[in-house]
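Input: a single structure, listed below in structure tokens.
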Amino acid sequence: MMKKGWDEFEIGAMLRTFDGKIDDIAGTLQEDRAYSENSSFVASVADWRINKPIFNKDFCIDCQFCWVYCPDISIISRDKKMIGIDMDHCKGCGICVEVCPTNPKSLLMFPEKSDEETELATWPAKNKETK
Amino acid sequence: MSEIKKVKNLKEFSTSADRFEGANLLCPGCAHSIIVREVLNATNNDLILSASTGCLEVCTAVYPYTSWDASWIHIGFENGSTAVAGAETMYKALKKKGRLKQPEREPKFVSFAGDGASYDIGFQWISGCMERGHNIMHVVLDNEVYANTGGQRSSSTPIGSSATTSPAGRVSYGEKKNKKDMIAIMAAHQIPYAAQVAPNKWKDMVKKIQHGMAVDGPVFINAISPCTTEWKFDPKDTMHIADLATDSLVFPLYEIIDNHELNITYRPKNVIPVEEYLAAQGRFKHLFKDEYKYLIKEWQERVDEKWAYLNRREEARV
């Protein structure tokens, strides 16, 4: 995007998050919002990642721990179901994997270059050891 | 009085539409955004927000981007709280004169600040807000260090922590002063609500935030925010460190209502030794050398003493 220089702003200028008006922001999900080019939602930090999380929905119990503890709003939950990961905003911290309570975990970290389908096919089996 | 958002369980909570956006520049695994999300999602009301200078401010408002989906202002290091207090005063005045365009909407006023901007630099301003009785909430993201500028000690830094201005080495074990008891100071302003929260106890957090937004008057919230960079642990362990902090009673969760009713809101089933909390972080690494081991014992005694004090206060209702 074209950036305005610092000296091109008028006094009292304000960056707007949305194009147009949203009346009830707390009731409008992200896909229904018209983000402007000034919202960091349109940016990406995907190049920060060294490892990426891969989601295996077969083992997911929709507990939503990953959703509430994700620092980057990258776990997409709709209608109380975890439906996927927002790879534009995920920084690969790995908190979601740590807090995942299922056995085997339904989220695991893999190197950024690894292939999702291959990893899903060779997902680790249930760990019999009890803590 | 507007309706309080119903949050029965985590599944219900997860239907909230986030008002804080990704691609902010906070470190991977930073607890700041977890706390901010839990605070913002606790309500459906409109929000007027501010942030004092600190990690949260510099990372969420890097031109040309903003990560906030609500009115948000940043002025200086010290006056995030007064900026919101000013907005609140204007709102009250316009309401009184009947000049609000949508008087049925009741915005909530929240200011976020780090521990540097609350315990040290913004102290006087916050104290003023609390004393004047503005209807605002001040949330401290307490990472016990000036993380934004490279890890200088603040008055929230606990004893034995190695910070860049109080480094541990041959002659020193790091920070020598104990953490300021900010909750007690703020409660002494006779404010209706002051509480400590932790991001890992999300339900406790949401309950306290909702209580704080429902009461009329200034509210002070102190939230522990484990810092992967300055506390020196792996980004994936943020929640684990927060668990250790609350379960070892280093960071007890309690609330003070009107400065006389103290309630402990979380009692760990298994209290773990403070040593485990210290051992998990690089900033306390030197305490495990033989010559500084006595400090760990002192830590444990201090934490036990504080816990006993809180219990006494809870019982006595003073």
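The values are calculated or read from the model by the stated rules, or taken from the named source; none is laboratory data. For clarity, every value in this text was computed on a predicted model and none was experimentally measured. Note that each Cβ is placed from the backbone with ideal geometry, even for glycine, and that neighbours are counted across all protein chains shown. All accessible areas refer to the heavy atoms of the entire protein, side chains included, with ligands and DNA or RNA removed. Shrake-Rupley method; radii C 1.70, N 1.55, O 1.52, S 1.80 Å.
With the helix formula -39500 (n - 2.57) applied to DSSP H stretches of n ≥ 4, chain B reaches a computed 222 nm mean residue ellipticity of -10000 deg cm²/dmol.
Legend: residues A:ARG16, B:ARG19, sorted from most to least accessible area (1.4 Å probe; ligands, DNA and RNA excluded), read A:ARG16, B:ARG19.
Taking each DSSP H run with n ≥ 4 as -39500 (n - 2.57) and averaging over every residue of chain A yields -2500 deg cm²/dmol at 222 nm. Step through the table entries B:LYS177/B:LYS269; B:LYS101/B:LYS201; A:LYS21/A:LYS105, compare each Cα-Cα distance with 32 Å, and write down the pairs that go over it. Check vs 32 Å cut-off fails for B:LYS101/B:LYS201; A:LYS21/A:LYS105.
Apply 1/(1 + (r/R0)^6) to the Cβ-Cβ distance of B:LYS297 and B:ASN263, taking R0 = 30 Å, and write down the FRET efficiency to the nearest 0.05. E between B:LYS297 and B:ASN263, to the nearest 0.05, is 0.50. Rolled with a 1.4 Å probe across the full set of protein chains, the surface gives B:TYR63 an accessible area near 80 Å².
Based on Cα contacts under 8 Å between residues 6+ apart, the stretch A:45-121 shows a relative contact order of 42 percent.
For the stretch B:115-208, divide the Cα radius of gyration by the Kirkwood radius and give the resulting Rg/Rh value with two decimals. Taking Rh as the inverse mean 1/r over Cα pairs, Rg/Rh reads 1.03.
Partner aspartates and glutamates whose Cα lies under 19 Å from the Cα of B:LYS232, excluding those fewer than 8 positions away in the same chain, are identified as A:GLU98, B:ASP115, B:ASP142, B:GLU144, B:GLU175, B:ASP243, B:GLU275, B:GLU276. How would the stretch B:164-223 be classified by its alpha-carbon gyration tensor: rounded, prolate or oblate, with rounded meaning a/c under 1.5 and the a/b versus b/c comparison settling the rest? Oblate is the answer for the stretch B:164-223, as a/c is 1.5 or above yet b/c matches or exceeds a/b.
When the P(r) of the stretch B:78-168 is calculated, the portion above 17 Å amounts to 56% of the C-alpha pairs. For the protein assembly as shown, the equivalent ellipsoid derived from the alpha-carbon gyration tensor has semi-axes of 32, 31, 22 Å in decreasing order. Here the peptides A:18-28, B:206-216, A:67-77 are ranked by packing, the mean other Cβ count within 10 Å, and the order with the highest first is A:67-77, B:206-216, A:18-28.
Ignoring aspartates and glutamates fewer than eight residues from B:LYS11 along the same chain, the ones with Cα atoms less than 17 angstrom from its Cα are A:ASP62, A:ASP79, B:GLU38, B:ASP204. Taken over the alpha carbons of the stretch B:13-316 as equal point scatterers, the Debye sum produces base-10 log I(q)/I(0) values at 0.06, 0.11 Å⁻¹ of -0.19, -0.65.
Averaged over its residues, how many other protein chain Cβ atoms are within 10 Å of peptide B:228-240's Cβ atoms?
3
Ignoring lysines fewer than eight residues from B:LYS96 along the same chain, the ones with Cα atoms less than 20 angstrom from its Cα are B:LYS108. Rounded if a/c is under 1.5, else prolate if a/b is larger than b/c, else oblate: which is the stretch A:45-121, with a ≥ b ≥ c the root eigenvalues of its Cα gyration tensor? It is oblate, given that a/c is not under 1.5 and a/b is not larger than b/c.
Computed packing ranks the peptides B:74-85, A:116-127, B:176-187 as B:74-85, B:176-187, A:116-127, most packed first, by mean other Cβ atoms within 10 Å.
Overall, the ratio between the Cα radius of gyration of the stretch B:162-288 and 2.2 N^0.38 Å, rounded to two decimals, is 1.17. For a 4.7 Å threshold on C-beta separation, the list of partnerless cysteines in chain A reads A:CYS60, A:CYS63, A:CYS70, A:CYS90, A:CYS93, A:CYS100. Based on the Cβ-Cβ distance from B:LYS6 to A:ILE25, what FRET efficiency comes out when R0 is 22 Å, to the nearest 0.05? Step by step, r from the Cβ atoms, then E = 0.75.
The Stokes-Einstein estimate for the stretch B:62-116, based on a Kirkwood radius over Cα pairs and taken at 10 °C with 1.306 mPa s viscosity, is a diffusion coefficient of 121 µm²/s.
Rounded to the nearest whole Å³, what is the per residue volume of the convex hull around the Cα atoms of the stretch A:1-91? Intermediate results must be reported in sequence, preceding the final value.
On the way: hull volume 12.8 nm³, N = 91.
Normalising the Cα hull of the stretch A:1-91 by residue number yields 141 Å³.
If the segment from B:VAL215 to B:ALA188 were pulled out straight at 0.36 nm per residue, it would be longer than the present Cα-Cα gap by 8.0 nm. Structural descriptor for chain A: relative contact order 23 percent, calculated from alpha carbon pairs under 8 angstrom and at least 6 residues apart.
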